[in-house]
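Report on the following structure.
The values are calculated or read from the model by the stated rules, or taken from the named source; none is laboratory data. Note that this is a predicted model, so its numbers are computed, not measured. Please note: Cβ atoms are built from the backbone with ideal geometry, for glycine as well, and neighbour counts cover all protein chains shown. Ligands, DNA and RNA are stripped out before the accessible areas are found, and what is left, the full protein with its side chains, is counted by its heavy atoms. Shrake-Rupley method; radii C 1.70, N 1.55, O 1.52, S 1.80 Å.
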Amino acid sequence: MTTTARTDAPTRREQILKEAARLFAERGFHGVGVDEIGAAVGISGPGLYRHFAGKDAMLAELLVGISERLLDGGRLRVGEGEDDPRALLGSLIDGHIDFALDDRPLITLHDRELDRLKDEDRKRVRQLQRQYVELWVAVVRELYPVASESEARAAVHAVFGLLNSTPHLAALGRSAMEELLRRLAHGAFGALATE
């Protein structure tokens, strides 16, 4: 997959979201005040309200935003026309590994705080996640046609569980962890080749 490296500095809004995700993941949504988030980015707590309506809006943007980003990235990989389903699955795995290693606080946040979202935002996250899963299921079924749709979907969820366990793992170093996760994910999907 061809990507353009971002060279500009993160916006203030992006800085706020990054620090909010980190703090929410460390201490829980209710354990963090706007003053602490503001202090982490060098502005007053009330200054955050120029960027967000409140903590609920930050949480919604974090969880809806990462779900949109994952789906968009998956669609981009599929749209780039890998003719080889094995290469396409590898690309999807690599993209999700990047997320799992680079955005660990968002995984923790999703696990702990998804139920705090407003119904509309929670439904949007779930809708985006279902679309992301189905994108993977189509690729997995093409690569492993012997697997039923239900088996492919279960395998995709299992691999997501494996990859998304990174916040709970001891650090091996980025490249070693990336390689281990890649081998584990391919091995898990490879189990679909047997009847």
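When +1 charges are put on Lys and Arg Cβ atoms and -1 charges on Asp and Glu Cβ atoms, the dipole computed for the chain relative to its Cα centre reaches about 460 debye. Considering only 193, 47, 160, the residue lying farthest towards the positive end of the dipole of the chain is 47, judged by Cα position with unit charges set on Cβ. Ranking 95, 63, 15 by Cα position along the charge dipole of the stretch 1-113, where only Lys, Arg, Asp and Glu carry charges on their C-beta atoms, puts 15 farthest toward the positive end.
Annotation: residue 123 carries an accessible surface of approximately 140 Å², with a 1.4 Å probe and no ligand, DNA or RNA atoms counted.
Considering only 114, 148, 175, the residue lying farthest towards the positive end of the dipole of the stretch 107-195 is 114, judged by Cα position with unit charges set on Cβ. The aspartates and glutamates within cross-link reach of residue 118, meaning a Cα-to-Cα straight distance under 15 Å and a gap of 8 or more places when in the same chain, are 56, 61. Dipole magnitude for the stretch 44-93: computed about the Cα centre from +1 point charges on Lys and Arg Cβ and -1 point charges on Asp and Glu Cβ, it is near 280 debye. Surface composition of the stretch 43-149: carbon and sulfur make up 46 percent of the accessible area, probe 1.4 Å. Per residue, the convex hull spanned by the alpha carbons of the stretch 69-160 comes to 94 Å³.
The charge dipole of the stretch 100-164, taken about the Cα centre with unit charges on the Cβ atoms of Lys, Arg (+1) and Asp, Glu (-1), comes to about 160 debye, rounded to the nearest 20.
Could you tell me which of rounded, prolate or oblate describes the chain, using a ≥ b ≥ c as the square roots of the eigenvalues of the alpha-carbon gyration tensor, with rounded for a/c under 1.5 and, failing that, prolate when a/b is larger than b/c and oblate otherwise? Note, shape of the chain comes out prolate.
Listed peptides 34-41, 90-97 appear in the order 90-97, 34-41 once ranked by packing, highest mean of other Cβ atoms within 10 Å at the front. Return the FRET efficiency for the residue pair residue 151, residue 87: r is the Cβ-Cβ distance, R0 is 22 Å, and the value is rounded to the nearest 0.05. Between residue 151 and residue 87 the formula returns 0.50.
Where does helix 85-102 land angle-wise versus the long Cα axis of the chain, in degrees 0 to 90, nearest 10? In the chain, helix 85-102 runs at an angle near 20 degrees to the longest axis. First check a/c for the stretch 116-195, with a ≥ b ≥ c the square roots of the eigenvalues of its C-alpha gyration tensor; if it is under 1.5, answer rounded, and if not, answer prolate when a/b is larger than b/c or oblate otherwise. Judged from the Cα gyration tensor, the stretch 116-195 comes out oblate (a/c at least 1.5, b/c at or above a/b).
Per residue, what accessible area does the chain have, given a 1.4 Å probe and all protein chains present, in Å²?
Averaged over the residues of the chain, the accessible area is 54 Å².
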